Amino acid sequence: MPSHPDHRGFEIVAREDFSDVTYLLEVHHPQMAKAARAGQFVIVMLHEHGERIPLTIADFDRQKGTITLVIQAVGKTTREMQQVCRVGTHLLALTGPMGEPSHIGGQRHVVCVGGGLGVAPIFPQARAYKESGATVVAVVGFRSKDLVFWEDKFRACCDEVIVCTDDGSAGLKGNVTTGLRQALDADPEIDEVVAIGPPVMMKACAEVTRPRNIKTVVSLNPIMVDGTGMCGGCRVKIGTGIKFACVDGPDFDAHQVDFDDLMVRLKRFSETEKAALARWEEGCRLGTAQPAGK
């Protein structure tokens, strides 16, 4: 896969803001759109001074030749992207698709669970399960009604959509485990659950399905640098062994994942990330922040 199609990089052809911190970028890359499969991710560099960040592919359109990324502005790079990425601007580098595609085919009744930003990457999986002939229930969770996005997209490809909000302002009141239990109670033939979201959410989903002995898959997004397994930053404990999320995953058996270890590792560089964000914000105030690729 070429690192970029021309000297400017990869053009952003559409943008949508879902909230003050969550936004969508649709990027033109016909080769990647053709190759992408549900469950895979890309590594993005905004400009030559930027860091490499992994982002799960939230959608792809082979006819338009685009991939869609849904991003939450929580750190330096994602905040900078939120500020400068507009239609017509370019990403310097876009590498992928990376990781193993989700294993889809043969399932009969599936529940796809997405929490918060995890709602976006669960969409291509829900669509692929439906295209494979499965009955698909989507459970999507948000903090409030104002943060709900893509409900219509899920309803277009799923047999049922259960919306959950923490405050009860839309759908069921509660987190996604409330909706997951409802879906499992309603259909005793569920043979697979897929969950994507914060580690604590995925762990909770795994504990719901464990006593029911239902196969459960989660998509892990640990710290990554190169995306090829060389840096070792993405290693995760699976059962009694060690796997590398970028090459062995990102999908793993939820009942084998050591979520507690994963959550500790995700916090390892939190102070460094906060310091980087603070320096960037100070640079913005002083007008010395590095320019973004255009």
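The values are calculated or read from the model by the stated rules, or taken from the named source; none is laboratory data. The shown structure was predicted, so the numbers you read here are calculated from the model rather than taken from an experiment. Positions of Cβ are backbone-derived with ideal geometry, glycine not excepted, and every protein chain shown enters the neighbour counts.
Has segment 168-188 got at least one residue that is of a type in the set (D, E) and at pLDDT below 95?
no
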Having 2 or more residues that are surrounded by 22 or more Cβ atoms within 10 Å (Cβ to Cβ), outside the structural domain of F149 (by TED's automatic domain parsing) and modelled with pLDDT under 90 is the bar; report the strands (runs of 3 or more DSSP E) wholly within segment 30-93 that clear it.
none
Would you mind telling me which numbered condition in (1) under 23 Å from R15 (Cβ atoms); (2) free of Cβ contacts under 8 Å to residues at least 60 places away in the same chain; (3) surrounded by fewer than 23 Cβ atoms within 10 Å (Cβ to Cβ) G133 fails?
(1)
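Restricting to segment 102-150, and then to whatever is among the charged types (D, E, K, R) and in contact with a strand residue (DSSP E or B) (Cβ under 8 Å, 6 or more places away or on another chain), can you tell me which residue is nearest to V74 (Cα to Cα)?
Among residues in segment 102-150 that are among the charged types (D, E, K, R) and in contact with a strand residue (DSSP E or B) (Cβ under 8 Å, 6 or more places away or on another chain), the one nearest to V74 (Cα to Cα) is R143.
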With the condition kept exactly as written, say whether any residue in segment 171-180 is surrounded by 19 or more Cβ atoms within 10 Å (Cβ to Cβ), part of a helix (DSSP H, G or I), out of contact with any strand residue (DSSP E or B) (no Cβ under 7 Å at 6 or more places or on another chain) and of a type in the set (S, T, Y).
yes
Any residue at all in segment 206-228 that is part of a strand (DSSP E or B), over 20 Å from the mean Cα position of the chain (by Cα) and modelled with pLDDT of 80 or more?
yes
With the structure loaded, tell me whether G9 is surrounded by 18 or more Cβ atoms within 10 Å (Cβ to Cβ), small (G, A, S) and under 16 Å from the mean Cα position of the chain (by Cα) or whether it fails that test.
no
Just wondering, is there one or more residues in segment 54-72 that are in contact with a Gly (Cβ under 6 Å, 6 or more places away or on another chain) and either among the hydroxyl-bearing types (S, T, Y) or more than 19 Å from Q125 (Cβ to Cβ) (or both)?
no
